[in-house]
Every structure is written in C-alpha cells, then in structure tokens.
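Everything on this sheet refers to the single structure shown next.
The values are calculated or read from the model by the stated rules, or taken from the named source; none is laboratory data. Please read these numbers as outputs of a predicted model, since none were measured by experiment. Here the Cβ positions follow ideal geometry from the backbone for every residue, glycine too, while neighbour counts run over all protein chains shown. Heavy atoms of the whole protein, side chains included, go into the accessibility calculation; ligands, DNA and RNA do not. Shrake-Rupley method; radii C 1.70, N 1.55, O 1.52, S 1.80 Å.
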Amino acid sequence: MLENAIKDLLYKIADDQLILGHRNSEWTGFGPMLEEDIAFSSMAQDKLGHSLAFYTLLHQMGEGDPDTVAFMRNADQFHNSQLVELPIGEYDFSLIRHFLYDNAEILRFESLSQSTNEEIAKIATKLKGEVRYHVLHANTLVKQLGSATQESISRLQQSLEYALPFALGIFEPSKHEQELIDAGIYSGEAALQNQWLERISAVLEKTHLKLPEIANLQPVYGGRYGQHTEHLQPLLDEMAEVFKIDPTAEW
Amino acid sequence: MLTPEHIRDFLDEVKDPEIPVLSLNDLGVITGIEVAEDGFVTVRMTPTFAGCPAMEYMRAEVEQSLKRHGVQAFTVQMSFSEPWNSNKISEKGRKALKEFGLAPPQPYQGILVLDILEYAECPNCHSTNTEMRTPFGPTLCRSMHFCLNCRQLFEQFKPL
Ligand SMILES: [Zn+2]
C-alpha cells in the first residue's frame, strides 16, 4: 500500500535528522573553534526542526504524536542510517559525516520537492533552502581543510575512508522502492546515490582528498530496517531521560 | 464587527523576539487571517526556520495579543502549507532590519543561487565588497559576513 511506503520513507528521513541533530548538538561547547561550535549547534537546531516537521506529517497520517515517536521508541524501531548514530569522534569525522550526509540530504529534498504528494513537496521545498546552508558550510570546510596541511589532509582522508561505507548505507533500498518511484513520490535511492557521487566527487576534486573506489566498498546496510550499532540505544536512552524529566521541554 | 484587517493591525504589535524592530506582519510569517460569521478568529502562521526556537514564543504572543484586544474565540495554527521564504519580508521590514544594523536578505527570483547566499551589503558603509565568513550566526536566521571596505564584521538576515 502506498501509504505504508510513504510512511516508511518519512520515518527514514525524520529519524536521520533527529539522530544527527542530537549528535551535532554534542559539539555545543566543544567545537575546535567558536565558529564551528556555533555552526554545529545551529545545524543541530535545524535538524531537530526538520525531524519535527516530518514527525508532524506522520502524525497527520495516523502515527503517534511527535514526542512519543521521537523519544519513546527503541533502537530496533528506528529507521535511520547507521552513519548518523556513530559517536561524534574527532572533529574530522564529524565534518566528513556532515559533508557526506548533507550532500545526500539536499538531493533527497530536491527530489521530494517535485513529489506528487503535495504535503511532502511543500515541506521539502521549504527545508531544502535551510539544508543548502549546511551543504555550503560542509563543502567550504572540506575544501579548506582538504587542501591545508599534510596533517589535516591525512586525518580527513582517514575519516572519509572510515565513513564512506556507512554513508552508502543512507541509500539502502527499501522494499517499497519501486512503488514510491512509480507513484512519483521521489526518484528512489539508486538515482539519489548516483547524483550524490557526482556532487561529492566535484568537491573532493578541488582538494587533496581521494574518493575511494566505490565499487570496492561494502555498504553498511541494515539501519533502514532497524539494525543498528551499539551506539544508538545509549543515545536514545539519554534523549528519553531528558524527555522524561521535562516532557514540555523544547526540542 | 471584527475584520481580518483589524487583526492584522493587532499583530503589528507582535515583534520577532530576536529582532525586536520587526513585526510578524513585516517578517511575513502570518499567512492567513479569517473571521467567521460567528466571530471565531483563525490566524495561520508559518515558521521562518523550521527549528527556530522563537516560533513557539511568537505563537504565544499572537494569542496574547488577540486576548488583549478582547478576541475570545480563536485558534492560531502553525503549518508549512504556505512555506516562508525571505522574499516575504516587507519593504518596511527590510528598512527596519537595516536600521537595526542587520543586512536585509537580497530579494531573488526563481531559485536561490549560491551567489545570493554569499552576497551582502554592509549595513555600516553600504559597500557590497563583502565576504561571507560563516553561514551560521548567533541565531538560525543570521549569517556572518566581513566588510572588506570598512573592515567590520556584520550579520545578515539569511536569504532563504
Ligand atoms: Zn562596511
């Protein structure tokens, strides 16, 4: 049924934003420079706002209310890609994850802004404008640091090689793939992945970083079907803890 | 008899808490005002940035303002059905931003291209010889720029 297929797609998007939003917020007060501290905190706020927009849409489609859905599920009920749940690590990793993720996200929103589902199209049109700033930020910093010192280049290269198989997991096909494409909801994961590779290659070409041969990589799948690393549940517990203390707290 | 125009006038008193010179009307976040036969008032709003923490505050302020003016039966709805973009900031709003020391967003047609994101006119010396330092400022709606003419850092209300 198309409705279930759409819900599955919206959960993927909302859960990615929620989890990455919480991860980004862990940089608050710890950024390597004040500017980056502010950038990651701002992006965290944006992403939490984006997840709320999609949970609200899901609620209108008959799913639970956004607070319950965001804070009361267990890891195996989450549809986020494993990339976003990984700990923030060093700044290099967080920057590379942000670069890989947001370049994918903007393409997803661009595709959804053309969706035959009007509600989704409206939200995607609005949010892609906000994500454009995230992409601008990521691309600018990757270009700078990816051509700066030998150390910054090699650290970013290492993070890139580590993160890439997880990033391919963003595009894990769903069992509803063809139904969504046929109904004109969006262009599908395979098409998004191809466009994404072009976009990130174009940025990396302007740096000293090398994009590993994609065909040789084993994508990390499972996240979209509720299989997660050991890092997700502790994060969810922490989020639920804050929510239980003050259910009225702002997102 | 209350009309939508009356309500719009009331909402002129409600300001963006992060930019107290800008009313919600001038910010462009009020997307609809209806007064039903029986006097029931519906105000529709849409967020500037989806994650903007000031939106809930603004909604509450709208409710307060309606109450203050004796409106008893009303609802204030927040939705994306008419999404906000920075072209919705009024001329008056743009002037107010400038006087506040915040560069207004450059109006644009069609798709927002990178050039417009990075373009800003310095609110101090009006030079356009400026560069973007970072797309993230003290609030979600502001970016940071540097004026190469008067060599001062300034903020812009982001085009979106
Ligand atoms: Zn100047």
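May I ask you to derive the FRET efficiency for A:GLU119 and A:GLN77 from their Cβ-Cβ distance with R0 = 22 Å, giving the value to the nearest 0.05?
The computed FRET efficiency comes out at 0.40.
Which value, in Å² and to the nearest 10, is the accessible area of A:HIS228 when all protein chains are kept and the probe is 1.4 Å?
Near enough 40 Å² of accessible area.
Mind grabbing the interface size between B and A? I mean buried accessible area, both sides, 1.4 Å probe, in Å² to the nearest hundred.
Working: alone 8510 and 11330 Å², together 17780 Å².
Its buried surface, counting both partners, is about 2100 Å².
Let's test the formula: R0 of 30 Å, r as the Cβ-Cβ distance of B:ALA60 and B:VAL21. What FRET efficiency results, to the nearest 0.05?
With R0 = 30 Å, the Cβ-Cβ based efficiency is 0.90.
Looking at the stretch A:10-74, which chymotrypsin sites (Phe, Trp or Tyr not before Pro) are DSSP coil and have at most 16 other C-beta atoms within 10 Å of their C-beta? Provide the component values of the computation, followed by the final result.
On the way: sites: A:TYR11, A:TRP27, A:PHE30, A:PHE40, A:PHE54, A:TYR55, A:PHE71; in loops: A:TRP27, A:PHE30.
Hits after loop and neighbour filter: A:PHE30.
Placing one identical point scatterer on every Cα of the stretch B:67-112 and ignoring solvent, what is log10 I(q)/I(0) from the Debye formula at q = 0.20, 0.24 Å⁻¹?
Log10 I(q)/I(0), no solvent term: -0.82, -0.89.
Before anything else, pin down the relative contact order of the stretch B:89-157: Cα pairs under 8 Å, at least 6 apart, normalised by residue count, whole percent.
27 percent
Residues of the stretch B:89-157: accessible area per residue at 1.4 Å, in Å²? Please report the intermediate quantities before stating the final value.
Numbers: 3480 Å² over 69 residues.
That works out to 50 Å² for each residue.
Normalising by the residue count of chain B, find the relative contact order in percent from Cα pairs under 8 Å and 6+ residues apart.
Here the relative contact order equals 18 percent.
Once you list every other residue whose beta carbon is under 14 Å from the beta carbon of B:SER65, what net charge do they have if Lys and Arg are +1 and Asp and Glu are -1?
-1
For the stretch B:4-84, what % of the accessible area comes from carbon and sulfur atoms, probe 1.4 Å?
C and S fraction of accessible area: 47 percent.
What distance in nm separates the simple spin-label points at B:LEU148 and A:SER147, each placed 7 Å from Cα in the Cβ direction?
So the two model labels end up 1.6 nm from each other.
Assuming a ≥ b ≥ c are the square roots of the Cα gyration tensor eigenvalues, decide whether the stretch B:92-150 counts as rounded (a/c under 1.5), prolate (otherwise, with a/b larger than b/c) or oblate.
rounded
What residues from the stretch B:26-41 fall in the zone where the backbone N is under 12 Å from a label point 7 Å along the Cα-to-C-beta line of B:MET1?
B:35-39
With the crude spin-label approximation of a point 7 Å out along Cα→Cβ, what separation in nm comes out for B:ARG68 versus B:ASN124?
Calculated label separation equals 3.5 nm.
Per residue and in cubic angstrom, what volume does the convex hull of the Cα atoms of chain B have?
In chain B, the Cα hull volume divided by residue count equals 109 Å³.
What part of the accessible area of the stretch B:89-157, given as a whole %, is carbon or sulfur when the probe is 1.4 angstrom?
Within the stretch B:89-157, the accessible surface is 48 percent carbon and sulfur.
So how tilted is helix B:54-68 from the main axis of chain B? Cα-based, degrees 0 to 90, rounded to 10.
Its long axis makes an angle of about 40 degrees.
Quickly estimate the mean residue ellipticity at 222 nm for the protein assembly as shown, helices only: each DSSP H run with n ≥ 4 gives -39500 (n - 2.57), and the total goes over all residues, rounded to 500.
Only helices count here, giving -16000 deg cm²/dmol.
Which of the chymotrypsin sites (Phe, Trp or Tyr not before Pro) found in the stretch B:1-52 are in a DSSP loop and have at most 15 neighbouring Cβ atoms, other than their own, within 10 Å?
On the way: sites: B:PHE10, B:PHE40, B:PHE49; in loops: B:PHE40, B:PHE49.
Hits after loop and neighbour filter: B:PHE40.
Semi-axes of the stretch A:164-251's equivalent ellipsoid from the Cα gyration tensor, sqrt of 5 times each eigenvalue, largest first, rounded to whole Å? Before the final figure, lay out the partial values.
Details: eigenvalues 190, 84, 43 Å².
Each semi-axis is the square root of five times an eigenvalue, giving 31, 21, 15 Å.
Say we join alpha carbon atoms closer than 10 Å with springs in a Gaussian network model of chain B; which of B:LYS67, B:LYS15, B:LYS95 then has the biggest fluctuation?
With Cα springs under 10 Å in chain B, the top fluctuation among B:LYS67, B:LYS15, B:LYS95 is at B:LYS67.
Could you name every residue in the stretch A:134-166 that has 30 Å² or more less accessible surface in the full protein assembly than in its own chain alone (probe 1.4 Å, ligands and nucleic acids excluded)?
Buried by the other chains: A:LEU136, A:HIS137.
Under 10 Å, Cα contacts only: if you run a Gaussian network model on chain A, which one of A:LEU136, A:LEU86, A:LEU112 comes out with the highest mean-square fluctuation?
Greatest mean-square fluctuation among the candidates belongs to A:LEU136.
What does DSSP give for the protein assembly as shown in terms of the percent of beta bridges that are antiparallel, rounded to the nearest 5?
Here the antiparallel bridges make up roughly 70 percent for the protein assembly as shown.
What residues from the stretch B:112-131 fall in the zone where the backbone N is under 20 Å from a label point 7 Å along the Cα-to-C-beta line of B:LYS98?
Output list for this probe position: B:116-131.
In a Gaussian network model over chain A where Cα atoms closer than 10 Å are linked, find which of A:GLY223, A:GLY49, A:GLY89 has the largest mean-square fluctuation.
Comparing A:GLY223, A:GLY49, A:GLY89 in a Gaussian network model of chain A, the most mobile one is A:GLY89.
Kirkwood Rh and Cα-based Rg: tell me the resulting Rg over Rh for the stretch A:1-136, rounded to two decimals.
Ratio of gyration radius to Kirkwood radius: 0.97.
Hey, how much of the P(r) for the stretch A:2-245 falls beyond 31 Å, as a percent of Cα pairs?
18 percent
How far apart, in nm, are the 7 Å Cα→Cβ label points at A:THR28 and A:THR68?
2.7 nm
Assigning unit charges at the beta carbon (Lys, Arg +1; Asp, Glu -1) and nothing else, what dipole magnitude in debye, to the nearest 20, does the protein assembly as shown show about its Cα centre? Before the final figure, lay out each step's value.
On the way: 34 positive and 59 negative charges, 198 e Å.
The dipole of the protein assembly as shown has a size of about 960 debye.
If each Cα of the protein assembly as shown is one equal point scatterer, what is log10 of I(q)/I(0) from the Debye formula at q = 0.07 Å⁻¹?
With no solvent term, the Cα-only Debye profile gives -0.35.
How much net charge surrounds B:ALA120 when only other residues with a Cβ under 15 Å from its Cβ are counted (Lys, Arg +1; Asp, Glu -1)?
Charge balance near B:ALA120 sits at +1.
For A:ASP46, A:ASP76, give the ranking by accessible area with the largest first, probe 1.4 Å. Write down the numbers at each step before the final one.
Values: A:ASP46 5, A:ASP76 105 Å².
Greatest to least solvent exposure: A:ASP76, A:ASP46.
Solvent-accessible area per residue for the stretch A:96-145 at a 1.4 Å probe radius, Å²?
So the stretch A:96-145 comes to 25 Å² accessible per residue, rounded to a whole number.
Compute the convex hull volume of the Cα atoms of the stretch B:4-84, divide it by the residue count, and report the result per residue in Å³ as a whole number.
It comes to 82 Å³ per residue, whole-number rounded.
Which order do B:SER65, B:SER127 take when ranked by solvent-accessible area (1.4 Å probe, heavy atoms of all protein chains), largest first?
The ranking, largest first, comes out as B:SER127, B:SER65.
Roughly how many Å is it from the Cα centre of the stretch B:75-149 to that of the stretch A:169-239, as a whole number?
Taking the Cα centre of each part, the stretch B:75-149 and the stretch A:169-239 sit 33 Å apart.
Which is farthest toward the positive dipole end of chain B among B:ALA103, B:PHE49, B:PHE10, measuring Cα position about the Cα centre, with Cβ charges +1 (Lys, Arg) and -1 (Asp, Glu)?
B:ALA103
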